[in-house]
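Read-outs throughout are calculated quantities, based only on the coordinates presented, and are distinct from any laboratory measurement. All values reported here derive from a predicted model rather than from experimental measurement. Because the Cβ atoms are built from the backbone with ideal geometry, glycine has one as well, and the counts that use them run over all protein chains shown.
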Amino acid sequence: MKPQRILIVTASPETVEQLASALQTAGLSNELDTWAEFPSTSEMRRRFKEAEHSYAAAIFDMSRENEALRLVSALREISPKTASIVVNGARRLGSVVRAKQAGAWGYLTEPYDLRALAERLGVERTIESETRDAGRLIAFISAQGGAGASTVALNTAIALSERLQGQTLLADYDFHCGAIAFNLKLEPQHTLADALRCDFDNPEWTSTTTRYEQLDVLVGPREPSDIGPQDLERARSLFTAAAGRYACTVIDLPAPLMRSSAEVLDLADQVYVVCTPEITSLHLAKRLIERIRRLGRPGERVRLLVNRVGSWGSLETEQIRRVVGLDIDWALDNDYAAVRQASWSGGPISTTSALRAQLDQLADQLISQYDLPAAQEELVAAI
């Protein structure tokens, strides 16, 4: 097998030095190649074809934003397995959205933290991640009611199910305000309450799910009182069983961080805290993240997703990091029209919407990050 390397494209020797140090800190011992210029797309293709090794990741300096994004976009075709990361970009949310649309896996500002890349490349796997069977658990939790976490979770789950030929479960774990069944216009025979009382050694427990196209859905209970304390004690068993049955389970958690959510946070491979760019929502996101850490849950699994960026495009990413204490992992445009239409008609956001395209990209990132089954074939087809 040919050795893998990491490529850095920047004209700044100082940036190369800083990134090399950050890679070492993250536990990455890969050898580095550096390009001091931004080649044409055809020249980049030639270099990759003639190289004696593959690249695990490519890091592009966004100080020259248009050229960097051109190469990021080209990399999706030239080497779809290579993770692309952009650094030094304009500290505005609009630039984050542009980078994600081009296909960037990560968007970093100084000081560079490359632990997430190390985790993707298999360097910092936790004991639980290595020993647990099969599927991945991805949780979404809102910093405040109305930030859009349920919409993001629902559409990400649908995109995953399309790419994974099913093999995806969406669980509405919001006992009080869960709206997944309403948003998909489902009329379920069973709910999460029934699932929590099943024998998880028997695969028949999946009969408590409701089918929506290729997606299995565990809808929230009809009444909060349908789930008692004894049921909640079985949450870990339920989601462990889900990880053994599905390639990916998406969990929509309630906005308040309840004690009942702690078991889910323990098991989740990744937790997206969803907020909007307004200052109140950002402060609530900070409080939520701090509480997750105080509970002793793995902080490195927590990611920040900023929703409804469009109307707040001038906000600086550095401001958000100072307020929240995390870099932005993902950003989504504001598209009330598409979300409203989906709510009226029932189902996912229209495939013609730019917002849906961004949510599809989030699904692609999760598939690539966790090497989910059938991922490569689906990703190549999408590109």
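Show me the three semi-axes of the equivalent ellipsoid for the range 182-339, from the C-alpha gyration tensor (sqrt of 5 times each eigenvalue), largest first, rounded to whole Å. Write out the running numbers ahead of the final one.
Values: eigenvalues 198, 74, 38 Å².
Ellipsoid half-lengths, sorted descending, are 31, 19, 14 Å.
In whole Å, what is the distance between the alpha-carbon centres of the range 336-362 and the range 214-292? About 22 Å separates the Cα centre of the range 336-362 from the one of the range 214-292.
When the chain is modelled as a GNM with alpha-carbon springs shorter than 10 Å, which of 51, 195, 262 fluctuates the most? Among 51, 195, 262, the largest GNM mean-square fluctuation belongs to 51.
Sequence gap at least 6, Cα distance under 8 Å: using those rules, report the relative contact order of the range 4-120 to the nearest whole percent.
On the way: 173 pairs, mean separation 32.5, N = 117.
Relative contact order, the range 4-120: 28 percent.
Around the Cα centre of the chain, unit charges on the Cβ atoms of Lys, Arg, Asp and Glu (plus for the first two, minus for the last two) sum to a dipole of about 560 debye. Between residue 136 and 248, 249, the built amide H atoms are under 5 Å apart, and every one of these is 5 or more places off in sequence or on another chain.
For the range 36-41, backbone phi angles converted through the Karplus equation (6.51, -1.76, 1.60; θ = phi - 60°) give residue-by-residue couplings of 7, 10, 9, x, 5, 4 Hz, Gly and Pro being listed as x. Between residue 211 and residue 371, the FRET efficiency estimated from the beta carbon spacing at R0 = 25 angstrom works out to 0.45. Database remark: amide H of residue 212 closer than 5 angstrom to the amide H of 217 (H placed geometrically; neighbours at sequence offset of 5 or more, or on other chains; Pro and chain starts carry no H). Taking every DSSP helix (H) stretch of at least 4 residues in the chain, weighting each as -39,500 (n - 2.57) and dividing the sum by the residue count yields a mean residue ellipticity at 222 nm of -12000 deg cm²/dmol. For the range 13-57, GluC sites (Glu not before Pro) are listed when DSSP marks them as loop and at most 15 other Cβ atoms sit within 10 Å of their Cβ; the list is 37, 52.
What is the count of Lys pairs in the chain whose alpha carbons sit under 20 Å apart, if the two are 8 or more places apart or on different chains? Don't jump to the answer; show the numbers that get you there.
On the way: 2/49; 2/81; 49/81; 81/100.
Close lysine pairs under the 20 Å cut-off: 4.
Label positions at residue 25 and residue 258, each projected 7 Å from the Cα along the C-beta direction, are separated by 3.9 nm. With each label modelled as a point 7 angstrom along the Cα→C-beta vector, the residue 354-residue 66 pair spans 1.8 nm. Overall shape: prolate for the chain, with the ratio a/c of the largest to smallest alpha carbon gyration tensor axis at 1.5 or above and a/b above b/c. Need one word for the range 1-122: rounded, prolate or oblate. Basis is the Cα gyration tensor (sqrt eigenvalues a ≥ b ≥ c); a/c below 1.5 gives rounded, then a/b vs b/c decides. It comes out rounded by the Cα gyration axes. Here's how it looks for residue 303: its modeled amide H is under 5 Å from those of 271, 272, 273, which are all 5 or more places away or on a different chain. The phi-based Karplus calculation (6.51 cos²θ - 1.76 cosθ + 1.60; θ = phi - 60°) puts the 3J(HN,Hα) values of the range 79-87 at 8, x, 7, 7, 6, 9, 10, 10, 9 Hz, whole numbers, x for Gly and Pro. Coupling constants for the range 183-193 follow from the phi torsions by the Karplus curve (6.51 cos²θ - 1.76 cosθ + 1.60, θ = phi - 60°), and in residue order they are 5, 9, 6, 8, 10, x, 7, 10, 9, 4, 4 Hz; glycine and proline get x.
Residue separation of residue 283 and residue 37 scaled by 0.36 nm, minus their Cα-Cα distance, works out to 84.6 nm of gained length.
Which of the peptides 82-88, 181-187 is most tightly packed, and how do the rest follow, going by the mean number of other Cβ atoms within 10 Å of each residue? Show your work: numbers first, answer last.
On the way: 82-88: 23.4, 181-187: 14.7.
The peptides rank, most packed first, as 82-88, 181-187.
With both labels modelled 7 Å from their Cα along Cα-to-Cβ, the residue 190 to residue 234 distance reads 1.1 nm. Protection proxy ranking for 199-212, 58-71, using the average of other Cβ atoms within 10 Å per residue and placing the highest first: 58-71, 199-212.
Look at the alpha carbon pairs under 8 Å that are at least 6 residues apart: their mean separation over the length of the chain gives a relative contact order of 18 percent.
Against the chain, whose longest principal axis is taken from its Cα atoms, helix 13-25 shows a tilt of about 40°.
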